[in-house]
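To start, the structure itself, in structure tokens.
The values are calculated or read from the model by the stated rules, or taken from the named source; none is laboratory data. A quick note: this is a predicted structure, and the numbers were derived from the prediction, not measured. Note that each Cβ is placed from the backbone with ideal geometry, even for glycine, and that neighbours are counted across all protein chains shown.
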């Protein structure tokens, strides 16, 4: 397509915008030169949604909004803007109105739930020694070490923040399930995906960090959303 949309990438807990590095490189290779990765503060859903809205509002033209993990809750809250044409969820939370990521996790606890610990200031961390096994078991030891050491801890209260008006009820959406996810239960991902009635659900034999371990397939899904909402 000659006139490609802007793709805005939204990270989740325990990572920043750089978690999208492999997706960014792959999309650029495919000819997408209008790319942005939001750096959210992870202080509250309201703060993160507002930061994302500000980024989207700076874009002149159509936007495909992509969220990983908790970033799915952010695009759910922030995605009902006129220039947002598609929502793509990558192993992500997709809460309905009144739901929070924490509530959804407690209803169907993931395998690594007990490896999340608070510090004395109220931030949540994945235990460094358990990060590889919990978050990105299909990456190399070196890649996992960097993610563990540079993890961006959210305020624990953000985990309980609820969505008000879910954008997936009014925007076309696509969803990628990670079948080996230990941070969001795969069955929880399937349930959230199915109730959105998305245009497409794909399943990848991947960890929670599918954006890093399976960037080609993730970009294929993003491109499908681009094609199906073109014009």
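I'd like to verify a number: residues in the stretch 25-55 that are surrounded by fewer than 20 Cβ atoms within 10 Å (Cβ to Cβ), in a loop (DSSP other than H, G, I, E, B), in contact with a helix residue (DSSP H, G or I) (Cβ under 7 Å, 6 or more places away or on another chain) and touching a residue at least 12 places away in the same chain (Cβ under 8 Å), how many?
Residues meeting the conditions: 4.
Out of 126, 201, 222, I need the residue that is buried (at least 16 other Cβ atoms within 10 Å of the Cβ) and closer than 14 Å to residue 15 by Cβ. Which one? If you could, list the steps in order and put the result at the bottom.
On the way: 201 fails: closer than 14 Å to residue 15 by Cβ; 222 fails: closer than 14 Å to residue 15 by Cβ.
Of the residues listed, the single one that is buried (at least 16 other Cβ atoms within 10 Å of the Cβ) and closer than 14 Å to residue 15 by Cβ is 126.
Quick one: which of 143, 189 is outside any strand (DSSP E or B), modelled with pLDDT of 95 or more and closer than 24 Å to residue 64 by Cα?
Working: 143 fails: closer than 24 Å to residue 64 by Cα.
Residue meeting the stated conditions: 189.
How about the stretch 82-94: which of its residues are surrounded by fewer than 24 Cβ atoms within 10 Å (Cβ to Cβ) and either free of Cβ contacts under 8 Å to residues at least 60 places away in the same chain or under 19 Å from residue 187 (Cβ atoms) (or both)?
82, 83
Here is a list: 179, 165. Which entry is closer than 21 Å to residue 78 by Cα and either without any contact (Cβ under 8 Å) to a residue 24 or more places away in the chain or surrounded by fewer than 22 Cβ atoms within 10 Å (Cβ to Cβ) (or both)?
Unique residue meeting the criteria: 165.
Only one of (1) part of a loop (DSSP other than H, G, I, E, B); (2) at pLDDT 95 or above; (3) out of contact with any helix residue (DSSP H, G or I) (no Cβ under 6 Å at 6 or more places or on another chain) is not met by residue 92, so which one is it?
In the conditions (1) part of a loop (DSSP other than H, G, I, E, B); (2) at pLDDT 95 or above; (3) out of contact with any helix residue (DSSP H, G or I) (no Cβ under 6 Å at 6 or more places or on another chain), residue 92 misses (3) alone.
Filter the stretch 95-114 for residues that are assigned to a loop (DSSP other than H, G, I, E, B) and either in contact with a strand residue (DSSP E or B) (Cβ under 6 Å, 6 or more places away or on another chain) or under 26 Å from residue 129 (Cα atoms) (or both) and give the result.
Step one: list which residues in the stretch 95-114 are assigned to a loop (DSSP other than H, G, I, E, B), which gives 95-100, 108-112.
Those that are assigned to a loop (DSSP other than H, G, I, E, B) and either in contact with a strand residue (DSSP E or B) (Cβ under 6 Å, 6 or more places away or on another chain) or under 26 Å from residue 129 (Cα atoms) (or both): 108, 109, 110, 111, 112.
Please find, among 102, 79, the residue that is over 10 Å from the mean Cα position of the chain (by Cα), closer than 22 Å to residue 41 by Cα and surrounded by 21 or more Cβ atoms within 10 Å (Cβ to Cβ). Even if it seems obvious, please write down each step before you answer.
Values: 102 fails: surrounded by 21 or more Cβ atoms within 10 Å (Cβ to Cβ).
79 is the lone residue from the list that is over 10 Å from the mean Cα position of the chain (by Cα), closer than 22 Å to residue 41 by Cα and surrounded by 21 or more Cβ atoms within 10 Å (Cβ to Cβ).
Please verify whether the stretch 56-64 includes one or more residues that are surrounded by 23 or more Cβ atoms within 10 Å (Cβ to Cβ), touching a strand residue (DSSP E or B) at 6+ places or on another chain (Cβ under 6 Å) and part of a loop (DSSP other than H, G, I, E, B).
no
In the stretch 148-179, how many are outside any loop (DSSP other than H, G, I, E, B) and in contact with a strand residue (DSSP E or B) (Cβ under 9 Å, 6 or more places away or on another chain)? Spell out the reasoning first.
Initially, the stretch 148-179 is screened for residues outside any loop (DSSP other than H, G, I, E, B), giving 148-149, 155-160, 167-169, 173-178.
Of the ones still in play, those that are also in contact with a strand residue (DSSP E or B) (Cβ under 9 Å, 6 or more places away or on another chain) are 148, 155-156, 158-159, 167-168, 173-178.
Count: 13.
Answer yes or no as to whether residue 133 is in contact (Cβ under 8 Å) with a residue 24 or more places away in the chain, closer than 24 Å to residue 176 by Cβ, part of a helix (DSSP H, G or I) and in contact with a helix residue (DSSP H, G or I) (Cβ under 6 Å, 6 or more places away or on another chain). Give the derivation first.
Details: in contact (Cβ under 8 Å) with a residue 24 or more places away in the chain: yes; closer than 24 Å to residue 176 by Cβ: yes; part of a helix (DSSP H, G or I): yes; in contact with a helix residue (DSSP H, G or I) (Cβ under 6 Å, 6 or more places away or on another chain): no.
No; evaluated as a whole, the condition is false for this residue.
From (1) more than 13 Å from the chain's Cα centre (by Cα); (2) in a loop (DSSP other than H, G, I, E, B); (3) modelled with pLDDT of 95 or more, pick out the condition that doesn't hold for residue 2.
If we test residue 2 against (1) more than 13 Å from the chain's Cα centre (by Cα); (2) in a loop (DSSP other than H, G, I, E, B); (3) modelled with pLDDT of 95 or more, just (3) comes out false.
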